[in-house]
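Below: the structure, in structure tokens.
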Amino acid sequence: MQPSTEQANMNLFVRKMQDAALHPEVIDTFCYYYRKVVSGDRGLIYSRDIRPVEEAEIAHWKQLDAFAKVGAREKGRAVLIVLNGGLGTSMGLAGPKSLLSVRAGKTFLEIICRQAERRNLRLAFMNSFNTDAATRAALSEMHLANEPVCFVQNKFPKILQQGLMPAEWPANRELEWNPPGHGDLYGAIFQSGVLKQLLDEGIRYALVVNCDNLGATFDDALLGYLVEKRIPFMMEVARRKPVDFKGGHLAVDRTTGRLLLRESAQCPEEEIAVSRDIATYRYFNTNNLWIDLEFLYDLMMRERFVRLPMILNPKTLDPRDDTSPDVYQIETAMGSAIVLFERATAVEVPRSRFYPVKKCNELLAIRSDCFLYDEDGGFRQHPDRTLEPPAIELDSPYYGRIDRFEERFPFGPPSLLRCSSLRVKGDVVFGRNVELVGEVDIVNERGVQMRIPDEALVEGALYL
């Protein structure tokens, strides 16, 4: 692209963002990444520049019991920041995923708020422009004693792949914009004034989690470790399993020696196989992050925005229309900030702290007897379950959307307490009080809906 064309396009983007009343620092941030795109930078991280993390280089959660007293003492100076920008479109939802009913008739939002209230924990939500109004309305109906603070994630204009110009979609102008990924947390909390507000309240430490990961509860030992060791930034990581081969992984930057997060979208195509080798790259980011807010505030005051490694996502302008123009979405991941912070570290945590609900497969497990929920104990794995959460694969045409999923479990989920894995192929309705045991494979190839009878016990393969 010629310099004059680049500048002309840049001017179009700047004008578009100014018309949308975006903060000047948001505009500067987008321009910084846009120049990278124009120069041909695709945000890739090559294996020659990183190395795997060795087990001895990070702590393990089991080793941190001695820090729990410090964490309990400092809990009053901590905040739980919940990422609440998703609409749950992959599950057929039209509104915020956090308003989906998950346990005992309660939504993600209700469970998070009630647990925080009972533990006297400060609470904040980072909403997106898609979820803010509905979330605030739902919070107002809960009449919480300590009202959570909300701030809104910024937005970036989508970039046409052809010509690298601003995308235009008169049929729905909102589709011309994309959330810039949860890496926008740092800029959004600073520019909104919420970071300064929390510090003025005496809040110094934050645990940041996804709204759909109820396993990410507040942990005294982890907070105590952060405080005692004066760590500015700490990532919870877990061991990768075969099902995690497509995700990002933790590594070490060979130049700086710092920890680094390589997302799958940042992996060169010719290196995908090695990046998926879970024996080499052992750890993945659970997206549970602990941050010293004073350190973050000082950093933001100096830098004004955090220049995270770019993720350039190729998409169609309308995600529901494959014939719409091809665009790029500039995004960043909040975990990638680990490479920027001196003395940042990671801690290996059990898998029970990571069970996000991305699709109806995970929702089935969360609703089942694999987990318990009550006001006092909160959300937790059933103590009688010795296995990890079951690997579940449901046939997408019949279970992929929430309405179809609900129709096929009219009496609630089957018992999965003794189930290690479940695969359902075809259209199957589950009766009342069905129990699944071991590795269960249910197949219906008849082309008509079939029903598993009430009180049935299914173990192994079942062909209907």
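The values are calculated or read from the model by the stated rules, or taken from the named source; none is laboratory data. As the structure is a computational prediction, the values presented were derived from the model and not from experiment. Neighbour counts run over all protein chains shown; Cβ positions are idealised from the backbone, glycine included.
Which one of the conditions (1) surrounded by fewer than 20 Cβ atoms within 10 Å (Cβ to Cβ); (2) among the small types (Gly, Ala, Ser); (3) assigned to a helix (DSSP H, G or I) does residue 188 fail to meet, given that it meets all the rest?
That leaves (1) as the condition not met.
Among the residues of segment 325-337, is there at least one that is of a type outside the set (Gly, Ala, Ser), touching a strand residue (DSSP E or B) at 6+ places or on another chain (Cβ under 8 Å) and surrounded by fewer than 18 Cβ atoms within 10 Å (Cβ to Cβ)?
Yes, there is a match, as at least one residue in segment 325-337 is of a type outside the set (Gly, Ala, Ser), touching a strand residue (DSSP E or B) at 6+ places or on another chain (Cβ under 8 Å) and surrounded by fewer than 18 Cβ atoms within 10 Å (Cβ to Cβ).
Go over the candidates 284, 245 one by one and state the one that is in contact with a Lys or Arg (Cβ under 6 Å, 6 or more places away or on another chain), farther than 21 Å from residue 345 by Cβ, of a type outside the set (D, E, K, R) and buried (at least 16 other Cβ atoms within 10 Å of the Cβ).
245
Looking at the structure I just gave you, is residue 445 over 33 Å from the mean Cα position of the chain (by Cα), in a loop (DSSP other than H, G, I, E, B) and either at pLDDT below 95 or of a type in the set (A, V, I, L, M, F, W, C) (or both)?
Spelling it out, residue 445 is indeed over 33 Å from the mean Cα position of the chain (by Cα), in a loop (DSSP other than H, G, I, E, B) and either at pLDDT below 95 or of a type in the set (A, V, I, L, M, F, W, C) (or both).
Give the residue that is surrounded by the most Cβ atoms within 10 Å (Cβ to Cβ), with candidates limited to residues of segment 368-384 that are over 15 Å from residue 354 (Cβ atoms) and touching a Leu at 6+ places or on another chain (Cβ under 6 Å). Explain how you work it out, then say what you get.
Filtering segment 368-384 down to residues over 15 Å from residue 354 (Cβ atoms) leaves 368-369, 372-378, 382-384.
Next, from what is left, pick out any that are touching a Leu at 6+ places or on another chain (Cβ under 6 Å): 368-369, 382.
Working: 368: 24, 369: 18, 382: 13.
The residue in question is 368.
What are the residues in segment 127-161 that are buried (at least 19 other Cβ atoms within 10 Å of the Cβ) and touching a Cys at 6+ places or on another chain (Cβ under 8 Å), if any?
Residues satisfying the conditions are 127, 132, 135, 148.
Checking residue 89 against (1) surrounded by fewer than 19 Cβ atoms within 10 Å (Cβ to Cβ); (2) among the hydroxyl-bearing types (Ser, Thr, Tyr); (3) farther than 23 Å from residue 258 by Cβ; (4) modelled with pLDDT of 90 or more, which single condition isn't satisfied?
Of the numbered conditions (1) surrounded by fewer than 19 Cβ atoms within 10 Å (Cβ to Cβ); (2) among the hydroxyl-bearing types (Ser, Thr, Tyr); (3) farther than 23 Å from residue 258 by Cβ; (4) modelled with pLDDT of 90 or more, the odd one out for residue 89 is (4).
Here's the yes/no breakdown for (1) in contact with a Pro (Cβ under 9 Å, 6 or more places away or on another chain); (2) in contact (Cβ under 8 Å) with a residue 60 or more places away in the chain; (3) not charged (D, E, K, R):
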residue: 59; (1), (2), (3): no, yes, yes
residue: 85; (1), (2), (3): yes, yes, yes
residue: 101; (1), (2), (3): no, no, yes
residue: 105; (1), (2), (3): no, no, yes
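Right, residue 122: more than 24 Å from residue 308 (Cα to Cα), buried (at least 20 other Cβ atoms within 10 Å of the Cβ) and within 22 Å of the chain's Cα centre (by Cα) or not?
When the stated conditions are applied, residue 122 passes them.
When you look at residue 402, is it of a type in the set (Val, Ile, Thr), closer than 18 Å to residue 247 by Cβ and outside the structural domain of residue 181 (by TED's automatic domain parsing), yes or no?
On the way: of a type in the set (Val, Ile, Thr): yes; closer than 18 Å to residue 247 by Cβ: no; outside the structural domain of residue 181 (by TED's automatic domain parsing): yes.
Spelling it out, it is not the case that residue 402 is of a type in the set (Val, Ile, Thr), closer than 18 Å to residue 247 by Cβ and outside the structural domain of residue 181 (by TED's automatic domain parsing).
Can we say residue 327 is β-branched (Val, Ile, Thr) and over 30 Å from residue 457 (Cβ atoms)?
It is true that residue 327 is β-branched (Val, Ile, Thr) and over 30 Å from residue 457 (Cβ atoms).
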